[in-house]
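Here is the structure we will look at.
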Amino acid sequence: MRFVKGHGTENDFVILPDPDGVLDLTAEAVARLCDRRAGIGADGVLRVVRTKSAERATGHEGDPAWFDPAWFDAEWFMDYRNADGGIAEMCGNGMRVFARYLVDAGLAAPGEWDVATRAGLRRVTLGASGDVSVDMGLPEILGDGEASLAGATFQGRRVSVGNPHLACRVDEPVAALDLSRAPGFDPALFPDGVNVEFFRTVGDRHVEMRVYERGSGETRSCGTGTVAVAAAAALGTTGTSEWTVDVPGGRVTVTLDGETAHLRGPAVLVAEGETRPGWI
Ligand SMILES: N[C@@H](CCC[C@H](N)C(=O)O)C(=O)O
């Protein structure tokens, strides 16, 4: 099985080129690929599938409830999986890396085009090299929520960025938090689980953040999480604002304009290869 390895602010992915959607990508196979000791190691898998093959690739052939015909506006579908093999609707850092892979592999030209995801179409903008920008859609603030961590309780905002987030503002430096265990949350509010962010204001429209991701544990960055945090931090303000979000793996920029959010940041491909026959 051919693979490419890449990362966006150190949120890392195994990219599996599978244009015709023929790989039998089970949850177990994803977990083995992502295993950091016995596998390649990654926070998630990005399967690169032509949109016309997405229904078959994801086991939804002939299921009109699953597939939105609007997705055909995009040539490529990002089939995202978390490190535990679970499915997520969207991945912001993954989208940047996915787009960079397509251009690098000659499967798309630099410029501006849509990619289909389970959360709908996402428009990417990129050159032949450098940062990638993603139109992430309008983050939806759904109300308040609460996370618990190491015996303490944190108030937060529930935010949908296509996938679920709980963005909690903290006063202490985020480096001081103990994220060795999953934060607690109310499963009635998040029946499908949640990605939990902790953020602190460090300057004017400048925050630092750490995240514990659903299905992957603590990661060094989460693109949808940075958008959720910017939306939570910007609550009560109006107009366009540009947010700098520092994560353990680097820095991204989130621009909010009341209609959508743009995520801009690096996307780096680091290696490519082939798994040994029979391993997966
Ligand atoms: N790291 C991603 C988000 C990946 C999905 C997430 N773990 C979920 O289950 O919703 C990002 O960059 O957005």
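Every read-out reported here was derived from the displayed coordinates using simple, explicitly stated rules and does not represent laboratory data. Predicted, not measured: the structure shown is a model, and the values here were computed from it. Don't worry about glycine lacking a Cβ; one is built from the backbone with ideal geometry, like all the others, and counts go over all protein chains shown.
Data overview
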item: Using alpha-carbon coordinates, inclination of helix 223-233 to the longest axis of the chain, degrees; result: 20
item: Spin-label model distance (nm) - residue 65 vs residue 32, 7 Å beyond Cα toward Cβ; result: 3.2
item: Interatomic Cα distance distribution for the chain, bins of 10 angstrom, percent; result: 7, 31, 36, 21, 5, 0
item: Inter-part distance where the stretch 166-230 and the stretch 98-122 are each reduced to a Cα centre, Å; result: 27
item: Which of 213, 208, 75, 197 has the fewest Cβ neighbours within 10 Å, and the rest in rising order; result: 75, 208, 213, 197
item: Quarter of the Cα convex hull surface for the stretch 140-258, i.e. its orientation-mean projected area (nm²); result: 6.8
item: Relative contact order [Cα under 8 Å, 6+ residues apart], the chain, whole percent; result: 21
item: Cα long-axis angle, helix 92-104 against the chain (0 to 90 degrees, to the nearest 10); result: 30
